[in-house]
1. Could you tell me which of the residues Ile104, Ile84 is modelled with pLDDT of 85 or more and farther than 18 Å from Gly142 by Cα?
2. So for the stretch 174-185 (the condition being under 18 Å from Leu71 (Cβ atoms), of a type in the set (Ser, Thr, Tyr) and surrounded by 15 or more Cβ atoms within 10 Å (Cβ to Cβ)), does at least one residue qualify?
3. Please tell me if Ser153 is modelled with pLDDT under 75, more than 14 Å from the chain's Cα centre (by Cα) and of a type in the set (S, T, N, Q).
4. Could you grab me the full set of residues in the stretch 120-150 that are without any contact (Cβ under 8 Å) to a residue 60 or more places away in the chain, under 14 Å from the mean Cα position of the chain (by Cα) and assigned to a helix (DSSP H, G or I)?
5. Might you check whether a residue that is β-branched (Val, Ile, Thr), in a loop (DSSP other than H, G, I, E, B) and modelled with pLDDT under 85 occurs anywhere in the stretch 54-70?
6. Which residue pairs have Cβ atoms under 8 Å apart, sit 6 or more places apart or on different chains, and have a first residue in the stretch 73-94 that is surrounded by 14 or more Cβ atoms within 10 Å (Cβ to Cβ) and a second that is basic (Lys, Arg) and modelled with pLDDT under 90?
7. Here is a list: Ala112, Ala129, Ala154. Which entry is buried (at least 23 other Cβ atoms within 10 Å of the Cβ), over 20 Å from Phe83 (Cα atoms), among the hydrophobic types (A, V, I, L, M, F, W, C) and out of contact with any Leu (no Cβ under 8 Å at 6 or more places or on another chain)?
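The values are calculated or read from the model by the stated rules, or taken from the named source; none is laboratory data. As the structure is a computational prediction, the values presented were derived from the model and not from experiment. Glycine gets a Cβ as well: all are built from the backbone with ideal geometry, and neighbour counts include every protein chain shown.
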Amino acid sequence: MADLDSSSETIAASKKLLCALLFTAMLLQYAGRTSVSVVLVQLQESTGNNTNTNVSKPHVEYSQFQVGVILSSVYAGLLPSSFIGGFLAYRYSATRVLLTSIGISSVVHCVAPIMFQRFGTAVTQRVLAGLAEGQAEPAAYGVLGEYMIPRQSARVAPFVFSGFYFGQFLGLISTGFITQRLSWKVTFYIFGKYHDYHFKC
């Protein structure tokens, strides 16, 4: 009986690959979301003491209040989309819901450099990002439930959803480097294209 239990908990290579892809999806979602907080530092009102000639002065400058509104507006999209994503993943294919979430997130990230030129469109972009990204987490749980038995799902879930924390770390440290060396716009393009690459995989 013990041998039967251990064999039933053995995770096939294809399922391990699935877990790696889910981990990457969570990582990219949170890296892109976290990168905005670093980008907005560059877009805040200039203090006039920036001596780094490698960093070009941004065309738009947000106040501290506007930065707070932009950062918080993503949750206006995340809250309803989490419930919607859970319903859709239960009613339809969780895999399709997850891929749709990643695909839309990619597009929303790629248009961010244009939308961040104005305060109103920047808030709109963050709301749209929340609506797209909020469906990923419940859909990922649904994917695990579709392809794995409960005991296997319980074993791999901590690994898959640790992508949240790795993504936040990657988003913060890489965005600071990219913004300083290149441009704040490049960050959105990089994470947007990685979203798109993962979507195609």
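1. Of the residues listed, the single one that is modelled with pLDDT of 85 or more and farther than 18 Å from Gly142 by Cα is Ile104.
2. Scanning the stretch 174-185 turns up at least one residue that is under 18 Å from Leu71 (Cβ atoms), of a type in the set (Ser, Thr, Tyr) and surrounded by 15 or more Cβ atoms within 10 Å (Cβ to Cβ).
3. no
4. Within the stretch 120-150, Gln125, Val127, Leu128, Gly130, Leu131, Ala132, Pro138, Ala139 meet the criteria.
5. Checked the stretch 54-70: at least one residue is β-branched (Val, Ile, Thr), in a loop (DSSP other than H, G, I, E, B) and modelled with pLDDT under 85.
6. Here the result reads Val74/Arg33, each pair linking the stretch 73-94 to a residue that is basic (Lys, Arg) and modelled with pLDDT under 90.
7. Ala112
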